[in-house]
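Trainee: Here it is, the structure, as structure tokens.
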Amino acid sequence: MAQMTMIQAITDAMRIELKNDENVLVFGEDVGQNGGVFRATEGLQKEFGEDRVFDTPLAESGIGGMSIGLALTGFRPVPEIQFFGFVYEVMDAISGQMARLRYRSGGSFNAPITVRSPFGGGVKTPELHADSLEGLMAQQPGLKVVIPSNPYDAKGLLISAIRDNDPVIFLEHMKLYRSFRQEVPEEEYTIEIGKADVKREGSDVTIVTYGAMVQASLKAAEELEKEGINAEVIDLRTVSPLDIDTIIASVEKTNRAIVVQEAQKQAGIAASVVAEINDRAILSLEAPVLRVTAPDTVFAFSAAEDVWLPDHTDIIEKAKTVVNF
Amino acid sequence: MGTKTLENIEGQFEMFQILNENGEIINEEAMPELTDEQLQELMRRMVYTRILDQRSISLNRQGRLGFYAPTAGQEASQLGSQFALDKEDWILPGYRDVPQLIWHGLPLYKAFLFSRGHFVGNQADGLNMLSPQIIIGAQITQTAGVALGLKKKGKKNVAITYTGDGGASQGDFYEGMNFAGAYAAPAIFVVQNNRFAISVPVEKQSAAKTIAQKAVGVGIHGVQVDGMDVLAVYKAVTDARERAINGEGPTLIETMTYRYGPHTMAGDDPTRYRSEDLDSEWEKKDPIVRFRKYLESKDLWSEDKENEVVEKAKEEIKAAIKEADKTPKQKVTDLMSIMYEELPQNLREQYEEYSAKESK
């Protein structure tokens, strides 16, 4: 076992899959010699050569379209979109094409593509670097959307994503890249896509969350504990498809829930989770299911992002509201 | 050499022609090596496709076909280019490019099912082709990827894609060619310039005098070809293919052509944006008429031969429609099962719901 940051775990997952399967290709802007702007691909070109790990011209739509073409000829592409705010440039290639390849070819072809991309607030980026756009992706049938919250999960989920025969959008929260280390096995292992993880068991309220908000939720749960409120924290890990069974089992136990996301409130993952709980467990509920989210503006200019982003105090407040309802 | 390299931008993009409007060879040294049988086969395919177009329009009017984009006028561009391909080459077509798929192996009844919006019509059945792309230009970046994949796998094959003069305005057109150029990938980008993107004339698409010259901006070969001259199109694609598989990179080919009919059969009225004079000017350039003259002068074609093709086409179309009619009705559950390799929970639940509905 080694102590790894999330970014090291991600590099490790790609290294393992590049080794396991000669059809795995890693490419994107600056991923070659430079090792990626966050060093996610550090050393991979040197180890596997320019044929397998390579730089692309600076054009996201081209990267997306090329990934589809490579998939058609038998490869398993792992493209990087340098920041997920740039996804608008490649929306057609992802949502209009990649997600629909199996469908539009009547099942003749599939797109075993893993689109990796950093996202998320709290690191003072310029605009269109930090946005949480997972809701946009999750609305597209044909895609899976995975968001790890820690190094261990990142490695197991990324290996699963690369081996998946359908396109996976793999979103890596920038604040988690180097914020903490964790024991991560050096050998390969997988974590099933579509399975949530109960990070903390509790009996009074369920906190459903993912990404960087998992840490905030765990911190909130510790504080709530001091006040006698026992919170269960569920890390979704995959936001499309949702692990409905784990969410519902928890809500049926605690009878109360809040959903926490870094993204804005309108539409989105949290709204979907609330709707699923209402559809399936309304009679178990002792209080309405509330959401902790960012406000419905464009992602804040960085000088205001600390206030704009939800934190553990917002989570504590909402949890108390549903507990005291 | 039928096609030229990137030496002199101004002089380079004069239209390449072998067979003029009167059916005369005007560029003997560029004449491709084709046997008499191959020449006849090219003619047979063009005549067949013209009949298919006429029948498709009439079937559409009877409500027996769905989405249909007429092809008459573009036979030389479509079939001359496909004729230069190997069976293992990849075709990434635009929405009007069903004839190339048919001659690449797509059964006719599947072309009709595609038109009817039935998923079986989109299946490739082991052929190296995608179904016609609807988003203008999306297939062009994919072509760069297929071509790069072929190169990485060490295959001596190419990826060819088709778009129109409007498609050449898309960012994906530039990105696809630029990527393929940067990787020296074996790709061929065919722009069938039929002068109108639905109603917008090509002059309004760009300040560029030709679409072929856009190749210069990405550093690849470019050529403008008489798209009503099947021999010139065939030769240009043959040369491009040879360069591509020899590692000399991609080629942009602009074929100067015209669609006689409307943009699609969904209500487009070309009289709103095209004059009768322009129509008749282009009808004089007809690819079948000129090639017929040429073949007749070589004693390779006759009225009897042509009638045989027409009759065969009509019979095969009739049989293909019957076959299409026999295909089981498409179900929503069929579509659910081709979304993912395995159904996720939401679709599993919805699958059950729709199975129950559909078994009623």
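Trainee: For region A:189-230, state the average projected area of the convex hull of the C-alpha atoms over all orientations, rounded to one decimal in nm².
Mentor: So the Cα hull casts an average projection of 3.5 nm².
Trainee: Rounded to the nearest 10 Å², what accessible area does B:Asp226 have for a 1.4 Å probe in the complete protein model?
Mentor: Around 10 Å² of this residue is reachable by solvent.
Trainee: Need one number: the % of Cα-Cα pairs in chain A sitting beyond the 29 Å mark.
Mentor: More than 29 Å apart: 35 percent of the Cα pairs in chain A.
Trainee: Let me ask something else about it. Heads up, I need the accessible area for A:Val307: 1.4 angstrom probe, whole protein in place, Å², nearest 10.
Mentor: 130
Trainee: Output needed for region A:38-181: three equivalent-ellipsoid semi-axes, defined as square roots of 5 times the C-alpha gyration tensor eigenvalues, in descending order, whole Å.
Mentor: Those come to 23, 18, 15 Å.
Trainee: Ok, one more. Return the value, in Å² to the nearest 100, of accessible area buried between chains A and B (probe 1.4 Å, both sides summed).
Mentor: Accessible area lost upon association: around 3300 Å².
Trainee: A further question follows. Report the FRET efficiency, 1/(1 + (r/R0)^6), for A:Thr190 and B:Ser297, where r is their Cβ-Cβ distance and R0 is 56 Å, rounded to 0.05.
Mentor: Approximately 0.25, to the nearest 0.05.
Trainee: Using 1/(1 + (r/R0)^6) with R0 = 41 angstrom and r between the beta carbons of A:Glu227 and A:Ala2, what's the FRET efficiency to the nearest 0.05?
Mentor: After rounding to 0.05, the efficiency reads 0.65.
Trainee: On a C-alpha basis, how far is the centre of region B:133-157 from the centre of region B:312-339 in Å? Whole number, if you could?
Mentor: Taking the Cα centre of each part, region B:133-157 and region B:312-339 sit 28 Å apart.
Trainee: Show B:Val237, A:Val323, A:Val298 ordered by accessible area, largest first, where the area counts protein heavy atoms only and the probe is 1.4 Å.
Mentor: Final ranking, largest accessible area leading: A:Val298, A:Val323, B:Val237.
Trainee: Could I ask something else about it? Please list, in chain and number order, the residues 5+ apart from B:Arg64 or on another chain whose amide H is under 5 Å from its amide H, with Hs placed from the backbone.
Mentor: When sequence neighbours closer than 5 places are left aside, there are no close amide H contacts.
Trainee: Expressed in nm to one decimal, what extension gain is obtained for the pair B:Phe67 and B:Lys314 from 0.36 nm per residue of sequence separation less their Cα-Cα distance?
Mentor: In short, 86.9 nm is gained.
Trainee: Top mean-square fluctuation among B:Lys285, B:Lys204, B:Lys110, Gaussian network model of chain B, C-alpha springs under 10 Å?
Mentor: Maximum among the listed residues: B:Lys204.
Trainee: Let me ask something additional. Need one number: nm distance between label points at B:Asn22 and B:Asp36, each 7 Å from Cα along Cα→Cβ, rounded to one decimal.
Mentor: 2.5
Trainee: If you find the alpha carbon centre of region B:21-61 and of region A:191-207, how far apart are they in angstrom?
Mentor: 65
Trainee: Of all accessible surface on chain B at a 1.4 Å probe, what whole percent is carbon and sulfur?
Mentor: 47
Trainee: What fraction, in whole percent, of alpha-carbon pairs in region A:1-114 exceed 26 Å separation?
Mentor: Of all Cα-Cα distances in region A:1-114, 19 percent exceed 26 Å.
Trainee: Report the accessible area of B:His118, computed with a 1.4 Å probe over the heavy atoms of all protein chains in place, in Å² rounded to the nearest 10.
Mentor: Counting only protein heavy atoms, the figure is 20 Å².
Trainee: While we're here: Could you work out Rg/(2.2 N^0.38 Å) for the protein assembly as shown, with Rg from alpha carbons only?
Mentor: 1.08
Trainee: Quickly estimate the mean residue ellipticity at 222 nm for the protein assembly as shown, helices only: each DSSP H run with n ≥ 4 gives -39500 (n - 2.57), and the total goes over all residues, rounded to 500.
Mentor: Using -39500 (n - 2.57) per qualifying helix, the result is -12000 deg cm²/dmol.
Trainee: Next question, about the same structure. Express the C-alpha Rg of region B:267-360 as a ratio against the empirical globular expectation 2.2 N^0.38 Å, rounded to two decimals.
Mentor: Rg over 2.2 N^0.38 Å, computed on Cα atoms: 2.01.
Trainee: One quarter of the convex hull surface, Cα atoms only: what value does that give for region B:2-327 in nm²?
Mentor: 15.8
Trainee: Which entries of B:Lys329/B:Lys360; B:Lys204/B:Lys235; A:Lys175/A:Lys265; B:Lys110/B:Lys235; A:Lys265/A:Lys318; B:Lys318/B:Lys360 show an alpha-carbon separation above 26 angstrom in the structure shown?
Mentor: In this structure, B:Lys204/B:Lys235; B:Lys110/B:Lys235; B:Lys318/B:Lys360 lie more than 26 Å apart at Cα.
Trainee: Turning to a different aspect of this structure: Among A:Val274, A:Val78, A:Val26, which one shows the highest mean-square fluctuation when chain A is modelled as a Gaussian network with alpha-carbon springs under 10 Å?
Mentor: A:Val274
Trainee: Then there is this: Starting from 0.36 nm per residue, how many nanometres of slack lie between A:Asp306 and A:Arg181 once their C-alpha separation is accounted for?
Mentor: Difference between extended and current length: 42.7 nm.
Trainee: Shifting gears a bit: Given Cβ point charges of +1 (Lys, Arg) and -1 (Asp, Glu) and nothing else, what value in debye, to the nearest 20, does the dipole of chain B about its Cα centre take?
Mentor: It comes to approximately 1020 debye.
Trainee: Need one number: nm distance between label points at B:Lys322 and A:Asn20, each 7 Å from Cα along Cα→Cβ, rounded to one decimal.
Mentor: Here the modelled spin labels are 5.2 nm apart.
Trainee: Related question: Using a Förster distance of 25 Å, how high is the FRET efficiency between B:Glu352 and A:Ser284, based on the Cβ-Cβ distance and rounded to 0.05?
Mentor: Step by step, r from the Cβ atoms, then E = 0.60.
Trainee: Before I look further, what does region B:2-327 give for accessible area per residue, probe 1.4 Å, in whole square angstrom?
Mentor: Ligands and nucleic acids excluded, the result is 39 Å² per residue.
Trainee: Spin-label point model (7 Å from Cα, Cβ direction): what's the B:Ile135 to B:Asp268 distance in nm?
Mentor: Here the answer is 2.0 nm between the modelled labels.
Trainee: Above 18 angstrom, tally the Cα pairs of region B:80-198 and express them as a % of all pairs, no decimals.
Mentor: Counting pairs separated by more than 18 Å, the tail of P(r) holds 49 percent.
Trainee: Take the solvent-accessible surface of the protein heavy atoms, probe 1.4 Å, and return the percent of it on region A:210-321 that carbon and sulfur atoms account for.
Mentor: The computed percentage sits at 50.
Trainee: Would you list which aspartates and glutamates come within 13 Å of B:Lys314, measuring only between C-alpha atoms, while excluding same-chain residues fewer than 8 positions from it?
Mentor: Straight-distance partners of B:Lys314: B:Asp53, B:Glu306.
Trainee: Taking chain B as a Gaussian network, where each spring joins two C-alpha atoms under 10 Å apart, which residue of B:Arg116, B:Arg50, B:Arg61 fluctuates the most?
Mentor: Residue with maximal mean-square fluctuation among B:Arg116, B:Arg50, B:Arg61: B:Arg61.
The values are calculated or read from the model by the stated rules, or taken from the named source; none is laboratory data. Treat the numbers as computed from the prediction; the structure is a model and nothing was measured. We place every Cβ from the backbone using ideal geometry, glycine too, and count neighbours over all the protein chains shown. Ligands, DNA and RNA are excluded from the accessible area calculation, which covers all protein heavy atoms including side chains. Shrake-Rupley method; radii C 1.70, N 1.55, O 1.52, S 1.80 Å.
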